[in-house]
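The values are calculated or read from the model by the stated rules, or taken from the named source; none is laboratory data. Just so it is clear, the structure is predicted and the values come from calculations on it, not from any experiment. Here the Cβ positions follow ideal geometry from the backbone for every residue, glycine too, while neighbour counts run over all protein chains shown.
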Amino acid sequence: MGRAPDSGFMERVAVSSAGAPEALGPYSQAIVANGFVFCSGMPGIDPVSGEPVDGIEGQTEQALRNLGAVLDAAGSGLDELVKVTVFYARVEDFSLINEVLARHMPEPPPARSAPANVALPRGLLISIEAIAATRSRD
């Protein structure tokens, strides 16, 4: 069944950035819709080498750099975050992850959930997905 152009369906626009690892499956780095950016999980992978960086702190910093690059490409940024989900492999890394996140989150901080003991591909320690508002074009 086709959609009429004025049927009220929202426009969805895929966004990608060379500053983050490319999507390696049937997903987009992010989708912009209705004034929000919906970002796929960003791993702690260096987008140049394609390899995970060392340690939980390094992977968390890299995941945030990757997230920031995609948000920037979408006309947003870390300062526009409204919801973050942090998937991480080892519950004992929680305090280190919190220390890194605290350096990058806006005030007030976004809503967050953080499931632990998640089996991530390639031996990754963390993946961060997010929803952010787009910046107004005024």
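One table, with the values for the structure above:
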item	result
Residue check, residue 112 surrounded by fewer than 16 Cβ atoms within 10 Å (Cβ to Cβ), within 20 Å of residue 47 (Cβ to Cβ) and touching a residue at least 12 places away in the same chain (Cβ under 8 Å)	no
Residue ID - surrounded by the most Cβ atoms within 10 Å (Cβ to Cβ), chosen from residues in the range 115-138 that are among the charged types (D, E, K, R) and over 16 Å from residue 39 (Cα atoms)	122
Close pairs (7 angstrom Cβ cut-off, 6 or more residues apart or separate chains): farther than 17 Å from residue 132 by Cβ in the range 9-23, of a type in the set (D, E, K, R) anywhere	9/3
Complete set of residues in the range 79-109 that are touching a residue at least 40 places away in the same chain (Cβ under 8 Å), buried (at least 18 other Cβ atoms within 10 Å of the Cβ) and touching a strand residue (DSSP E or B) at 6+ places or on another chain (Cβ under 8 Å)	80, 81, 84, 86, 87, 97, 101
Qualifying residue in the range 39-55 (condition: assigned to a strand (DSSP E or B) and under 21 Å from residue 10 (Cα atoms))	yes
Counted residues, the range 20-35 - those being surrounded by 16 or more Cβ atoms within 10 Å (Cβ to Cβ) and in a loop (DSSP other than H, G, I, E, B)	4
Hey, residue 43 modelled with pLDDT under 95 and either touching a strand residue (DSSP E or B) at 6+ places or on another chain (Cβ under 6 Å) or more than 20 Å from residue 84 (Cα to Cα) (or both) or not	no
